[in-house]
1. Would you give the gap between the C-alpha center of region 167-199 and the C-alpha center of region 72-147, rounded to a whole Å?
2. Extension gain TYR96-GLU212, at 0.36 nm per residue separation less the Cα-Cα distance, in nm?
3. Work out from phi, with θ = phi - 60° and the Karplus expression 6.51 cos²θ - 1.76 cosθ + 1.60, the ³J(HN,Hα) of each residue of region 169-182, listed in order in whole Hz, and give x for Gly and Pro.
4. Enumerate the amide H contacts of GLY135 below 5 Å, restricted to partners 5 or more residues apart or on another chain; note that Pro and chain-start residues carry no placed amide H.
5. Percent of accessible area on the chain owned by carbon and sulfur, 1.4 Å probe?
6. Quick one: 3J(HN,Hα) in Hz for region 155-161, Karplus 6.51/-1.76/1.60 with θ = phi - 60°, rounded, Gly and Pro as x.
7. Taking amide H atoms as placed 1.01 Å from N in the peptide plane, list the residues 5 or more away in sequence, or in a different chain, whose amide H sits under 5 Å from that of PHE90.
8. Going by average Cβ neighbours within 10 Å, how do the peptides 180-192, 163-175 rank, with the highest at the top?
Amino acid sequence: MTRETKQTPQPANDLVARLDVADRLPGAEFLRELSYDLLGAAPGTSVVDVGCGAGRAVAELAERGVKAVGVDPSERMIAAARGRWPEADFRVAGAYELPLPGASVIGYRADKVFHELDDPERALAEARRVLVPGGRIVLLGQDWDTIVIDSDDPALTRTIVHARADLTTAPRAARRYRNLLLNSRFSDVTVEVRTGVFTGSAMLLLLTGLAEAACSTGAITREQKDTWIVEQRARAEADRLFLALPMFMAAATAPSEATPTAR
């Protein structure tokens with residue numbers, strides 16, 4: 001349910017397909033709608049969606065009458081978003097330098113982004129810069145060390161989960177959302193966790209990816225990888241697959257005083 005990290009790059013088309021799968025998972029639409037509500041995304045307001053990917057959130061915000069800007073560091077991803085929603089505003093940019101004037105948006109949204117950042121404090125400083133005083137920020141994402149999978153070999157499963165987490169720049173960023181926001185002078189910080197429970201074959205792609213990534217690091221052998229994947233496929237066919245994936249959502253209010261626009 002997440003974008004690939006820098007250590008495991010994927011072709012843009014493959015990544016778009018993975019994002020589409022994640023967007024269609026049970027509960028995904030509810031989480032997106034909840035994030036829009038937490039932003040206070042009312043008609044006529046302006047919002048930036050950081051790490052917008054293929055642009056679905058930007059399109060949905062536009063349907064609400066919101067003036068949404070989507071930014072992503074991948075030129076290919078932005079091209080895909082523009083191809084899908086040509087009327088929307090998409091721009092190539094990363095979280096550290098947003099192509100927006102200071103105090104120009106009332107909402108800042110970042111979904112499955114902060115686990116890819118090696119300097120989250122810098123990203124939050126940039127969020128403060130573009131937000132109007134009292135604007136809203138919403139961060140969403142998973143904790144890569146907290147993926148619950150039923151398996152006949154729990155020790156191997158634990159190794160797979162942690163090995164995949166270690167490939168991520170900041171695998172435990174989600175559990176840090178609250179403290180990161182507080183340390184960056186945001187107020188009214190709230191955090192909630194919505195856990196998706198998946199028992200069908202739709203998550204086999206994610207499970208296979210976890211095992212293949214763990215194998216690529218040498219944490220497990222190819223034989224262990226193949227055996228584990230076979231077990232998970234058999235569980236799916238027998239309606240015995242079980243995956244629980246907690247998604248963290250933090251929301252906060254920007255400082256009441258304006259942040260200087262100079263960088």
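The values are calculated or read from the model by the stated rules, or taken from the named source; none is laboratory data. Predicted model only: the values in this text are computed from it and were never measured. With ideal geometry, Cβ positions are generated from the backbone for all residues, glycine too; neighbour counts draw on all protein chains shown. All accessible areas refer to the heavy atoms of the entire protein, side chains included, with ligands and DNA or RNA removed. Shrake-Rupley method; radii C 1.70, N 1.55, O 1.52, S 1.80 Å.
1. Going from one Cα centre to the other spans 15 Å.
2. Details: separation 116, 0.36 × 116 = 41.76 nm, distance 3.10 nm.
Once the chain is fully extended between TYR96 and GLU212, it gains 38.7 nm.
3. After applying 6.51 cos²θ - 1.76 cosθ + 1.60, I find 4, 9, x, 10, 4, 4, 6, 9, 3, 4, 5, 4, 5, 5 Hz.
4. For GLY135, the qualifying residues are ALA254.
5. On the way: 5990 of 11860 Å².
For the chain, the apolar C and S fraction of the accessible surface comes to 51 percent.
6. Running phi through 6.51 cos²θ - 1.76 cosθ + 1.60 with θ = phi - 60° gives 5, 5, 4, 4, 4, 4, 4 Hz.
7. GLY70
8. On the way: 180-192: 15.7, 163-175: 19.2.
Order by mean packing, descending: 163-175, 180-192.
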